[in-house]
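First comes the structure, then the notes that go with it.
The values are calculated or read from the model by the stated rules, or taken from the named source; none is laboratory data. Treat the numbers as computed from the prediction; the structure is a model and nothing was measured. Cβ placement follows ideal geometry from the backbone for every residue including glycine, while neighbour counts extend to all protein chains displayed. Accessible surface areas use protein heavy atoms only, side chains included; no ligands, DNA or RNA. Shrake-Rupley method; radii C 1.70, N 1.55, O 1.52, S 1.80 Å.
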Amino acid sequence: MKLGGSLMKHSASIITALEKHFGTCEQGDEHSILIVPGGGVFANSVRDISQKYSIGDDAAHWMAILSMEQYAYFLVDKTRINSVENIYEFPEGVSVLMPYKMLRETDRLPHSWDITSDTIGAWIAKETGSRFVKVTDVDGVIADDIIQEWMTALELSRMGVTCIDSSLAGYLMENQMDCVVVNGMYPERVIDAVIGKNVIGTHIKGNI
């Protein structure tokens, strides 16, 4: 689950709702939920510095990854959520990823502002065989002033600027992955998306 930095003010209530719900699941119905933090205000500051001082792509990339880690520390501070550094061994329940060390060791994605925590979240979902949910501050992808309930990644790739980074559509198509975009201001939607229910939001099909 990618938790957008735009939800910083609401992040604690989202995590609390997840922990409350999945902490009461019956035996045999356990879930392991890994939160991939966005960059939010921390990444915005890196972007501003990069533009002002013409920082190279490599430096800007790792500074932006560190901004995700800053958000992760914020989430831990506000919720006492468990934090992990290894995406291949995380416990049942809800955890947040400290991404810098793991991404430095693997470093499989291009270094570009076109690739943000959205695509990083999708890559982690692919690596772990997980359902991918993007939690943001809007109800979904908007086209012609209408929230799109269902769409393909190909359709998304032709839309231009949306609430999703410009590389995610291509990554979903390449790996035949799906993604659900939900509004985190409604924690019940996040819970439903995590367990695979149809939910108010945008369901993006990677397999065309």
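Assorted remarks:
- Selection from the range 150-172 of residues that are open to solvent by 30 Å² or more (accessible area, probe 1.4 Å), in contact with a strand residue (DSSP E or B) (Cβ under 8 Å, 6 or more places away or on another chain) and outside any loop (DSSP other than H, G, I, E, B): TRP150, THR152
- Scanning the range 112-128 for residues that are at pLDDT 95 or above and assigned to a loop (DSSP other than H, G, I, E, B) yields a count of 0.
- Meets criteria (farther than 17 Å from VAL36 by Cα and either modelled with pLDDT of 95 or more or hydrophobic (A, V, I, L, M, F, W, C) (or both)) for ILE147: yes
- Subset of the range 135-146 [free of Cβ contacts under 8 Å to residues at least 40 places away in the same chain, in a loop (DSSP other than H, G, I, E, B) and open to solvent by less than 90 Å² (accessible area, probe 1.4 Å)]: none
- Which listed residue, of ASN198, ASN183, is polar (S, T, N, Q), closer than 16 Å to VAL135 by Cα and open to solvent by 90 Å² or more (accessible area, probe 1.4 Å): ASN198
- Residues of the range 129-149 that are touching a His at 6+ places or on another chain (Cβ under 9 Å) and under 30 Å from PHE90 (Cβ atoms): ASP137, GLY140.
- Yes/no for HIS21 being open to solvent by 20 Å² or more (accessible area, probe 1.4 Å), touching a residue at least 60 places away in the same chain (Cβ under 8 Å) and in contact with a helix residue (DSSP H, G or I) (Cβ under 6 Å, 6 or more places away or on another chain): yes
- Pairs with Cβ under 8 Å, 6+ apart, first in the range 147-174 and among the acidic types (Asp, Glu), second surrounded by fewer than 15 Cβ atoms within 10 Å (Cβ to Cβ): ASP165/ASP114
- Taking the range 69-105 as the range and being open to solvent by 90 Å² or more (accessible area, probe 1.4 Å) and part of a helix (DSSP H, G or I) as the test, the residues that pass are GLN70, TYR73, LYS78, LYS101, ARG104, GLU105.
- Picking from residues in the range 114-126 that are within 14 Å of the chain's Cα centre (by Cα) and charged (D, E, K, R), the one that is surrounded by the most Cβ atoms within 10 Å (Cβ to Cβ) is ASP118.
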